[in-house]
1. Would you mind checking which residues have amide H under 5 Å from N19's amide H? H placed 1.01 Å from N; only 5 or more apart, or other chain.
2. How many percent of Cα pairs in the chain exceed 20 Å?
3. In the range 41-56, whose amide N lies under 16 Å from the spot 7 Å out along Cα-to-Cβ of D30? List them in ranges.
4. What is the extension gain from A53 to N38, computed as 0.36 nm multiplied by their sequence separation minus the C-alpha to C-alpha distance, in nm to one decimal?
5. Report the label-to-label distance for D73 and T18 in nanometres (one decimal), using points 7 Å from each Cα along the Cα→Cβ vector.
6. Post the alpha-carbon centroid distance, the range 61-88 to the range 1-60, in whole angstrom.
7. Length gain on complete extension for the stretch I1 to A45, per 0.36 nm per residue less the alpha carbon to alpha carbon distance?
8. Arrange the residues M104, M24 by how much accessible surface each exposes, largest first, with a 1.4 angstrom probe.
Amino acid sequence: IHKQIESLEEEWRQAILTNNVAEMNNLLSDDYIGITSNGTVENKAQAMAQRRAGTVSITSLELSDIHIRLYGDTAVVTSVADLVGKNGDSDISGKYRYTRVYAMRRGAWKIVSFETSRVHDIDTRAKLKPH
């Protein structure tokens, strides 16, 4: 099962890089809920509409520190994503930590939940603090 989830993570990564909306649609469960790094909550229809609009463009996406934990018919993945990309005119490049949850639905693993947080550089934050 670990290998299946690793494979699905790679399928998702490739779908993001190529903006393959059909593949993303296939991987997400109908009741999917995602929480973006800015706190926006989106369902499957909203996530797919944003992808179809092409406003988000990811040109590089490297994953590291991947951990997969299994709980019966549920798999929880945590990882670090180092990406280069834009959302409209905004540069969203940087490091993010995320949690993605898969559930077995009708014999197939589907993404049911996703949440990401931007990893801020500690040194940069220290420089921003008032003295």
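The values are calculated or read from the model by the stated rules, or taken from the named source; none is laboratory data. Note that the structure is predicted; figures quoted are calculated from it, not measured. Neighbour counts are summed over all protein chains in view; Cβ atoms, including those assigned to glycine, are modelled from backbone coordinates with ideal geometry. Just so you know, the surface numbers come from the protein's heavy atoms only, side chains and all, with ligands and any DNA or RNA stripped out. Shrake-Rupley method; radii C 1.70, N 1.55, O 1.52, S 1.80 Å.
1. Correct list: empty.
2. Working: 3905 of 8515 pairs.
Here the tail beyond 20 Å accounts for 46 percent of pairs.
3. Flagged as within label range: 43-46.
4. Values: separation 15, 0.36 × 15 = 5.40 nm, distance 1.92 nm.
Going from the current span to full extension adds 3.5 nm.
5. 3.0 nm
6. About 11 Å separates the Cα centre of the range 61-88 from the one of the range 1-60.
7. Between I1 and A45, full extension yields 13.0 nm more.
8. On the way: M104 70, M24 0 Å².
Largest accessible area first, the residues go M104, M24.
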